[in-house]
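Here is the structure we will look at.
The values are calculated or read from the model by the stated rules, or taken from the named source; none is laboratory data. The structure displayed is predicted, hence computed values, not measured ones. Virtual Cβ from ideal backbone geometry, glycine too; neighbours counted across all protein chains shown. Calculation scope for accessible area: heavy atoms of the full protein, side chains included, ligands and nucleic acids excluded. Shrake-Rupley method; radii C 1.70, N 1.55, O 1.52, S 1.80 Å.
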Amino acid sequence: SDTPAKMPEIVSGMLLRGIVGMLYSDGGTGKSTFSLWMAVRIALACQIQIKIFGHNVNGGAVAILTAEDPDLILNDRLVSVMQDAAKEYNLEYEYIRNLVYEHLFIGSTFGKPVQLFELNGSVLEKTPYFESLIDRLTVMDNLQMVFVDTKARFSPGEGGGNVIAAQEIAHYETIVVACNATVFLLHHTNKISRSGRTPGSQ
């Protein structure tokens, strides 16, 4: 046929399944909370009709790999997002929580120097941590999305130029191929200071 097959979607007309994407902004602007908000809704869409910004969501499992915040802060954010979802969809919080816990998996490496890659000259190589991550992700049923929060915390390739960056993306594409899932990298400039000014590069 001359008509190409339609790409599978996680959020219809908005987010494809099976790609590497990136959410990039200043530090401290809410990327982690937004990704958690999205992850909860994708998990809920396994049993509830969910829309994100008016677009239908295809439900499935979601994995979040994070090194950004202590577990207490992460748990507080998750509970808050689930409570908001319970109010929004007029459902019992316990039902929302159980459904999310069934389909959302969060791995935190906060306080631990976990690197998915290591530099060997001009080559960015996968570490055993990456191989372990692949092993864990491939056994998840109907995995839709993998959030990496943040890209810089898991790779020594930051600032290494386009060649290193291309290798890093290619490694993340192996997750796409192995899991038929979208990998979403969170990436930021320096954190916004208390004065509201952003130090470092824009």
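Data table
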quantity: Length-normalised contact order for the stretch 1-111 - Cα pairs under 8 Å, 6+ apart - percent; calculated: 28
quantity: Per residue accessible area in Å² of the stretch 1-101, where ligands, DNA and RNA are left out and the probe is 1.4 Å; calculated: 53
quantity: Given charges at beta-carbon only (K, R positive; D, E negative), |dipole| of the stretch 49-91 in Debye; calculated: 280
quantity: Pairwise FRET efficiency - Ala170 versus Val139, Cβ, R0 = 22 Å, nearest 0.05; calculated: 0.45
quantity: Computed [θ] at 222 nm, helices only, for the chain once each DSSP H run of length n ≥ 4 contributes -39500 (n - 2.57); calculated: -11500 deg cm²/dmol
quantity: Extension gain, Gln47 back to Tyr95 (0.36 nm per residue minus Cα-Cα distance, nm); calculated: 16.2 nm
quantity: Pairs beyond 31 Å (Cα-Cα), from Lys51/Lys112; Lys6/Lys51; Lys6/Lys112; Lys31/Lys51; Lys6/Lys31; Lys31/Lys112; calculated: Lys51/Lys112; Lys6/Lys112
quantity: Heavy-atom accessible area per residue - the stretch 131-191, 1.4 Å, Å²; calculated: 43
quantity: Percent carbon-and-sulfur accessible area, the chain, ignoring ligands, DNA and RNA, probe 1.4 Å; calculated: 52
quantity: Mean-position separation - Cα centroids, the stretch 83-137 and the stretch 10-42, in angstrom; calculated: 13
quantity: By average C-beta atoms within 10 angstrom, highest first, the peptides 66-72, 89-95, 9-15; calculated: 9-15, 66-72, 89-95
quantity: His188 accessible area, 1.4 Å probe, all protein chains in place, Å² to nearest 10; calculated: 50
